[in-house]
Amino acid sequence: MFVPFVPSSFFLYRSSKIVFTAIVFLLFFLYASITYAADVVLSPASGTYNSGQTFTVSVRAEPNGDSINAVEADLTFDTSVLSVVSVGKTGSAFSLWTTEPTFSNSAGTINFGGGSPTPFSTNSTLMTITFRTVAEGAGSVTFANASALAADGRGTDVLGASPGGTYTVSAATVPEPTPEPDPAPESEDDESSNAAIAFGDPPRAPEVGSPAFLDPEFWYAKLDGVFLWEIPFDVSAVAVEIATSSENDPSEVFDPPIEEFVVSAENLSDGIQYLSVQFENQVGWGGITNRKIQIDTTAPEDFDINVQAGTSPSSFPLLVFEATDVTSGIDHYEMAIADQEPFEVTPDEAKLGYLITELEDGTYTVTVIAVDKAGNETISSVPVLITAGWLPASDEEETSSFWLFFTGTNIFIILLLLIAIGEFVYIIYERKQFAKKEEKLRKETREIQDQMEKIFSALRDEIYDQVNAITKRPRLSKKEKEAVEGLNQALEVSETLIEKEINDVKKILK
């Protein structure tokens, strides 16, 4: 049987196709591997504390390479073990709040939602939560809902993980009470009543919160507000006082007990003060809570901007400035040059000096706003003459910035793309070569068929002539007749088989 020739390039084509598919899959996998996800976590996520102790937990965003500008979350906590004293925004990466940080000790929930005009991609604190332990056990804090929105113009939720935290509370050491002298003998009823009082427990330190002064570590530029607390069923009186000491014992007693205390300019002033609150029950006065209040209603003092000329004609001037705020201190500066967008300068940068750059010659008005930690502002401005001879970036500089695109990751991706393109071109080349060889094989097959037809035609004619010559004899023996018939049959069978093999080759080459 005739076996057609199949070139090795046919198998090379199939293997190249497999390699190309694998490279495309690798590129897809690489793209997926460099997709990041932001996490929202609690810090610390665990800890061990005594009963009645307070501790602070930060809610932090970990972008993991993403650039985000908004986070919303609903947290739940175990109210049988923990209670919230306050929630705060000090040091938060957010300056805008869609949902002000709030909490409910009865429902065991904490809610917040905020954003920042400036996207950030580094680990940042969003808010703080101050807990108080109320009983022994393991108190869990979990994220019921959370979202982290990417700064991609579409608000894509890129939240990856939002693990909660678990905080273990152990029994607090309670000092033994100092024995008191026995009172004079009384009746049996009085003795039983005194026994009940002697063996009671004093109240816990109050849990004080305020919607106006959420965070005790934050500075506020206001004097009006209200502080709230819950009165336990056995409390008969409350002592409240504004003091300047964190170890103050309140002296102003309210009987019946009150559940709120209003503060204003009459009892508050600039600086650090404390609201002292203490409960009393049938046993006596209990623990004291001294809630810090930080007030600063005064703007920073006026300051000057010192313009220091450069050391050469082509140098830019250096701006040095420093404002003073005696109460809360300077938080940051906001600088604007002419009509450009303002930007933030830290106090340390201001002390060292801010170097103006990339401005054409001319006179510009520089405005600096000093902002203290309570948000009070003082503005200062100065005209600045620029004679450095600077001009906008040329095409050559723009071309040099083009090379910044070639980072390690980008180069790796480009190499993979080049390999894929090269493999694709090679496959096309091999297909063309295969097509040429296939066409050549078809041509050879046609030539073989033509030659075979000519050969068999000549052979058939010769055999027929010989057969006719033999058959013209008057008498043929039996063997001669059989030989003639066998020769005719062999000729027909050979021609049929060869024709079939040629047709098979033609079918393969279609």
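Things worth noting here:
- Test: L391 is more than 30 Å from Q294 (Cβ to Cβ) and either surrounded by 10 or more Cβ atoms within 10 Å (Cβ to Cβ) or at pLDDT 90 or above (or both): no
- Only strands (runs of 3 or more DSSP E) whose full extent lies in segment 276-349 are considered here, and the ones with at least 2 residues that are closer than 27 Å to V263 by Cα and of a type in the set (A, V, I, L, M) are 285-295.
- Candidates in segment 217-254 are the residues that are of a type in the set (S, T, Y) and assigned to a loop (DSSP other than H, G, I, E, B); of these, the one that is farthest from G271 (Cα to Cα) is S236.
- Qualifying residue in segment 94-102 (condition: modelled with pLDDT of 90 or more and either farther than 26 Å from G375 by Cα or touching a helix residue (DSSP H, G or I) at 6+ places or on another chain (Cβ under 6 Å) (or both)): no
- Unmet criterion (only one of (1) assigned to a loop (DSSP other than H, G, I, E, B); (2) charged (D, E, K, R); (3) without any contact (Cβ under 8 Å) to a residue 12 or more places away in the chain) for K440: (1)
- Single residue of S246, S251, S276 found to be outside the structural domain of A374 (by TED's automatic domain parsing), in contact with a strand residue (DSSP E or B) (Cβ under 6 Å, 6 or more places away or on another chain), of a type outside the set (D, E, K, R) and at pLDDT 95 or above: S276
- Condition broken by I428, with the remaining ones in (1) loosely packed, with under 15 Cβ neighbours inside 10 Å; (2) in contact with a helix residue (DSSP H, G or I) (Cβ under 7 Å, 6 or more places away or on another chain) satisfied: (2)
- Residues in segment 259-308 that are buried (at least 21 other Cβ atoms within 10 Å of the Cβ), among the aromatic types (F, W, Y) and touching a residue at least 40 places away in the same chain (Cβ under 8 Å): F279 alone.
- Qualifying position, being closer than 24 Å to F218 by Cβ, surrounded by fewer than 20 Cβ atoms within 10 Å (Cβ to Cβ) and either touching a residue at least 60 places away in the same chain (Cβ under 8 Å) or among the hydroxyl-bearing types (S, T, Y) (or both), among T142, T76, T109: T109
- Meets criteria (surrounded by fewer than 16 Cβ atoms within 10 Å (Cβ to Cβ) and outside any strand (DSSP E or B)) for G65: yes
- Looking only at residues in segment 85-99 that are out of contact with any Pro (no Cβ under 8 Å at 6 or more places or on another chain) and in contact (Cβ under 8 Å) with a residue 60 or more places away in the chain, the one that is surrounded by the most Cβ atoms within 10 Å (Cβ to Cβ) is V85.
- Residue in segment 35-52 that is modelled with the highest pLDDT, counting only those that are hydroxyl-bearing (S, T, Y) and in a loop (DSSP other than H, G, I, E, B): S51
The values are calculated or read from the model by the stated rules, or taken from the named source; none is laboratory data. Quick caveat: nothing in here was measured; it's all calculated off a predicted structure. For neighbour counting, all protein chains shown are included, and Cβ atoms are generated from backbone atoms with ideal geometry for every residue, glycine included.
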